[in-house]
Every structure is written in C-alpha cells, then in structure tokens.
Amino acid sequence: CAAGFTVWMYGKITTNESPTTISRDSLIGMEGQVKIRVDATTISGKVLIASTEWSARSTGSEIPPGKKVKVIDSQGVHIVVEEVK
C-alpha cells in the first residue's frame, strides 16, 4: 500500500517534461566561458557552457578564467577548447 502511494505521489509531483540531456559530442562548436584556468596538460580546467560546468583542456596555450572559448573536440571525460579571439 505504501509503495503504491509513493508511486502515485511521485507521479503527481513530477513534470511531464522529458529531462534535458547533453552529451560532450553535442557541445562541439558551442562557446562558453572559462571558470578555472584551462591548459593543455591537465583536465583540471573548468568551462561553463549552457549553464553546465565541464572539465576541459586546451589545444595548446593556457587560457585564464573569464576568457571566451569554443569546444573543438570531446575526449573521454573532458572537452577540448580553444580561445575565441
């Protein structure tokens, strides 16, 4: 009885919208802003794209926070970005 009530209640409080999912591959070509320094040697850099923070590395040079970047690739658990000039 409790399980049935829980399922019914969950159905009432959730929306009918499908959840939004974003894959790294769908980010290619999108632009965002560096939140934590990005460089080519580590994936500790963070980039904000479409209100989601992603681990990132650059194509070569270091990119400081606040700079605008473009996603050019996704590799494993991170994205690869280059600075927009």
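The values are calculated or read from the model by the stated rules, or taken from the named source; none is laboratory data. The shown structure was predicted, so the numbers you read here are calculated from the model rather than taken from an experiment. Note that each Cβ is placed from the backbone with ideal geometry, even for glycine, and that neighbours are counted across all protein chains shown. For the accessible areas, the whole protein counts, side chains as well, though only heavy atoms, and no ligand, DNA or RNA atoms are used. Shrake-Rupley method; radii C 1.70, N 1.55, O 1.52, S 1.80 Å.
Scanning region 55-81 for residues that are open to solvent by 60 Å² or more (accessible area, probe 1.4 Å), in contact with a strand residue (DSSP E or B) (Cβ under 6 Å, 6 or more places away or on another chain) and of a type in the set (A, V, I, L, M) yields one hit, Ile72. Of the residues making up region 39-54, just one is at pLDDT 90 or above, of a type in the set (Gly, Ala, Ser) and open to solvent by 60 Å² or more (accessible area, probe 1.4 Å), namely Ser44.
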